[in-house]
Amino acid sequence: MKNMRNNESRPITLGQGKQILNLLSQQGLNSADVNTLCDGYFPDMLKAIKLGVLPSREAFHKFVGLGPLFERDQSGRIIITFTGTGFLANEWVARSIESGFYFTEWALDALAFSDYDRRHRLKAGQSYSVLLLRSSEMVTSCQSENHLQISIDHDYTQSMTVCAELVFLARELLSNEVMKRMNISRITALHEPVIASNKAPFIFVSSCLGRDREISVAPANEESRWTDADAFLCPLSV
């Protein structure tokens with residue numbers, strides 16, 4: 001199976017195929033939905049992709065009435081709203097891998113050995129709004145041996161505990177294409193560190209470089225080096 005675009009031939013990976021099937025399954029489509037999708041919509045979208053005329057995801061999302069992928073505040077900073085899932089660590093791993101994500105060895109280790117299930121799950125069905133900030137807009141300092149203190153140079157302050165689930169939700173919403181258009185290489189959140197089997201504290205990071213939608217970890221201390229291509233998810237005050 002080949003994906004043809006701009007006279008280039010590139011094989012579709014197994015992970016991408018699984019992602020398509022997983023997305024269809026998540027929507028809970030019935031036979032009538034499938035018939036509607038196949039009776040024109042899906043062939044038209046495939047043709048638009050092949051011809052390179054399909055609009056950006058943001059434009060398409062808005063055109064079909066789903067609203068924008070994200071909003072902006074008065075200063076032009078991006079605001080994203082998520083709905084919590086409350087998934088356990090093993091549920092996130094299974095869901096993400098089926099959708100074509102890649103977990104590094106240390107990311108899997110941190111999920112297996114940390115108390116993620118007790119500390120880092122959002123409430124299922126509840127909406128959470130976060131600000132997407134560049135590294136240059138933030139100052140991080142080591143508050144203690146295994147915790148990062150964040151200082152944000154604007155009028156927003158945090159009013160909720162930052163949970164690692166935000167990183168996974170952000171990467172489900174923001175594709176590699178969207179991140180690259182934003183000039184963002186990595187997304188993270190300064191959540192309470194997860195402790196891996198080597199007793200080291202980490203925070204989760206997702207990258208659009210290298211492997212598709214990679215989920216890894218970074219040291220939760222000043223050893224981490226952030227650039228302006230890194231973005232942080234900061235919960236908004238309510």
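Read the figures in this text as sums done on the coordinates, not as results from a lab. Computed from a predicted model, the values in this text were never measured in an experiment. Because the Cβ atoms are built from the backbone with ideal geometry, glycine has one as well, and the counts that use them run over all protein chains shown.
Please find the FRET efficiency linking residue 60 to residue 199, where r is the Cβ-Cβ separation and R0 is fixed at 35 Å, and quote it to the nearest 0.05. Spell out each step's value before the answer.
Values: r = 46 Å, r/R0 = 1.32.
Taking R0 as 35 Å, the efficiency between residue 60 and residue 199 is 0.15.
Label residue 117 and residue 20 with points 7 Å out from Cα along Cα→Cβ: what is the distance between them in nm?
Placing both labels 7 Å beyond Cα along the Cβ direction yields 3.5 nm.
Which length gain, in nm to one decimal place, applies between residue 105 and residue 47 when the Cα-Cα distance is subtracted from 0.36 nm times their residue separation?
Values: separation 58, 0.36 × 58 = 20.88 nm, distance 3.84 nm.
Answer, rounded to one decimal: 17.0 nm.
Based on other C-beta atoms within 10 Å, arrange 20, 78 from fewest to most.
Numbers: 20 12, 78 18.
Fewest-to-most Cβ neighbours within 10 Å comes out as 20, 78.
Can you order the peptides 188-196, 45-53 by their average number of other Cβ atoms within 10 Å per residue, highest first? Could the numbers behind the result be given before it?
Working: 188-196: 20.9, 45-53: 11.4.
Highest mean packing first, the order is 188-196, 45-53.
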